[in-house]
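Quick notes on the structure that follows.
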Amino acid sequence: MARLSNQRLTAVAVGVALSAILLGACSGGSTTASSSASTAVLSSSASSSASSAGSAATGASSASGTPTLEQLFQGNEGNPPASSPPGAKDKDIWWISCGQQAESCAAYAAAGQEAAEALGWTFHLADGNLNTANGYATAMRTALAAQPDAIVQNAFSCTTDQPELQRAKDQGVPVIGVETTDCSDAGTGPALFTVPMVYSDEYPDNKSWWTGWGQVSADFIAADSGGQAKVITAFGEGDPQFDLLKAGFEESFAKCSGCEVVADVPWTVTDLAPNGPWVTALRNALIQHPDADYVWWPFDTNAVLSGGAKTVQQSGSTAKVVSGIGTAPALDLIRSDQMYAEGVARSDEWVSWAAIDQLNRHFNNEPSAPEGLGFVSINKDNNMPAEPGVSYQTKVDFKAAYKSAWGVG
C-alpha cells in the first residue's frame, strides 16, 4: 500500500481517535467482537432487559447467526486478566502520542501515564503532533535516543515511521502498537511491533480489532432494521485501518439479505473540514437517494465537526444516523434526536491500561494476554451516560482489576 501524504497521515490518528482529534472530545467504551466472523461478536447470553430500538424487535436477529439488538447493547466486554506477573521494577518507557493538541490523544497518554506510575515506572511523553512536520518519526527518534526499556506507539500506523520502527527492532527496543496497524498489515514491510497487543480472545491483534469495528457497525444496522435497510455509507480512504474496517463491515453486511448500500460517500481527512467537500457529497447522496433509511459513518467527527448529522437533518431525510466511538458531543446529539445511535463504542482509557499490562508481561518474559476489550452499541435508551457532556463509560472497573493483578495500590 502506498505511503500516505502528510495530510493523509493525519488520518492515521483519525482511525482511532478521529472524533477526539478534530472535536477535542474524549471517547470511551468497550466490548469484544470476532475478527473472523460477526457471529462471535457478541455473547448469546446478552441481557433481555435491553430496550428495543428501530423497526426490529430486540430479540430477533436480522439473519441467522448474527447478533440481536439485546446482544449488541449488552456487548461482550470481558474483564482484564485475573492474574499477572508482579510489576517489573525500575522501568523507563516512552509514550508516542498521536497529538497532544487533540483531547483524545492526550487522554490516551494520561491514562497510560497513570497506569505506568501505578507500577512505579518512569513515564516520558513524545508528542507526534498529528504528524505535522513529520512529527511521528521525529517523536520516535527522540524516544529511541533516550534508550528506553520500551515504547508505546499510540493511534498512528507503522507506515508513518517505518524506518524508525525498524531501527527500534534492530536495537532491541520493544515497541507495542496500540489501536493502530503494523507494517505487515499494510503490506509495506515486516511486522515491526515487537510486543503483541491482544485486545481479547476474539481480537488477538490490531488487524482483527479494526475488522471487528466494521463488523459490529454492520451488525447494528442489520439488527436494528430487522434485516431491511437501504444505507448510505461513508468509508474513510488512505489508511490501512480504514481498509480493514471496511472489509469487516462488508463481510457482516453481506449476511443481511435485505440490506443494501445505496451509495458510499468516501472521504480523506482533508475532506472533513466543516461544511467541506465531504458534506457537499453527502448532501448530494441524500438528494439522489431519498429512500435511504440509514446513514452510517465510522467516527463521530463525521457527525459533529464535519456537520454530517446536521446535513442529514437539514436535508429533510428521515434516515437514521449511526456513528461510532461514543464521544460526548455525539452522545448529546443522540439525546437531542439529531442522531440515532452509536453502532460502536469502546473505552480508550482501558486500552491504555491494557497496553501497560502487556508491557509488564513482556518485561517478565511472559506472553501477551487477552485484555477483555471490545465494543458496545449505544442508543438513547441503552448505555447512555446519565448526564450530558459525558462520553461512554464502561461498567468494568478495569483500574482496580489491573492494580489487584499487579499487586499495587
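Taking segment 92-123 as the search range and keeping residues that are under 18 Å from residue 165 (Cβ atoms) and not polar (S, T, N, Q), which one is surrounded by the most Cβ atoms within 10 Å (Cβ to Cβ)?
Across segment 92-123, the extreme among qualifying residues is 98.
Only one of (1) closer than 25 Å to residue 287 by Cα; (2) touching an Asp or Glu at 6+ places or on another chain (Cβ under 8 Å); (3) of a type in the set (A, V, I, L, M) fails for residue 269. Which number is that?
(2)
Run down 301, 280 and say which single residue is among the polar types (S, T, N, Q), under 17 Å from the mean Cα position of the chain (by Cα) and part of a helix (DSSP H, G or I).
After ruling out the rest, the residue left standing is 301.
How many of the residues in segment 324-339 are farther than 14 Å from residue 389 by Cα and surrounded by fewer than 23 Cβ atoms within 10 Å (Cβ to Cβ)?
Result for segment 324-339: 2.
Take segment 219-237 and flag every residue that is within 20 Å of the chain's Cα centre (by Cα) and either under 19 Å from residue 291 (Cα atoms) or among the acidic types (Asp, Glu) (or both).
Once the filter is applied, which keeps residues that are within 20 Å of the chain's Cα centre (by Cα) and either under 19 Å from residue 291 (Cα atoms) or among the acidic types (Asp, Glu) (or both), segment 219-237 yields 219, 221, 233, 234, 237.
Test of understanding: among 200, 252, 257, which residue is part of a helix (DSSP H, G or I), at pLDDT 95 or above and not charged (D, E, K, R)?
Going through 200, 252, 257 in turn, the sole match is 252.
A quick yes/no check of all residues on (1) surrounded by 18 or more Cβ atoms within 10 Å (Cβ to Cβ); (2) closer than 26 Å to residue 72 by Cβ:
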position	(1), (2)
288	no, no
306	yes, yes
317	yes, yes
360	yes, no
366	no, no
373	yes, yes
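For a quick check of your reading of the model, give me the residue pairs whose first member lies in segment 119-140 and is modelled with pLDDT under 95, whose second is in a strand (DSSP E or B), with beta-carbon atoms closer than 9 Å and at least 6 apart or on different chains.
Between residues of segment 119-140 that are modelled with pLDDT under 95 and residues that are in a strand (DSSP E or B), the close pairs are 129/97.
Do the conditions hold for residue 321, that is, is it modelled with pLDDT of 95 or more, crowded, with 22+ Cβ neighbours inside 10 Å, not in a helix (DSSP H, G or I) and not acidic (Asp, Glu)?
yes
Against the condition touching a residue at least 12 places away in the same chain (Cβ under 8 Å), within 15 Å of residue 340 (Cα to Cα) and either of a type in the set (A, V, I, L, M) or surrounded by fewer than 18 Cβ atoms within 10 Å (Cβ to Cβ) (or both), how does residue 295 come out, does it pass?
The answer is yes for residue 295.
Condition first: within 11 Å of residue 95 (Cα to Cα) and assigned to a loop (DSSP other than H, G, I, E, B). Now tell me which residues in segment 127-154 satisfy that.
Selection gives 128, 148.
Scan (1) among the β-branched types (Val, Ile, Thr); (2) assigned to a strand (DSSP E or B); (3) closer than 21 Å to residue 242 by Cα for the single condition residue 188 breaks and write down its number.
The single condition residue 188 does not satisfy is (2).
The values are calculated or read from the model by the stated rules, or taken from the named source; none is laboratory data. All figures in this text were calculated on a predicted structure; none of them were measured in a lab. Don't worry about glycine lacking a Cβ; one is built from the backbone with ideal geometry, like all the others, and counts go over all protein chains shown.
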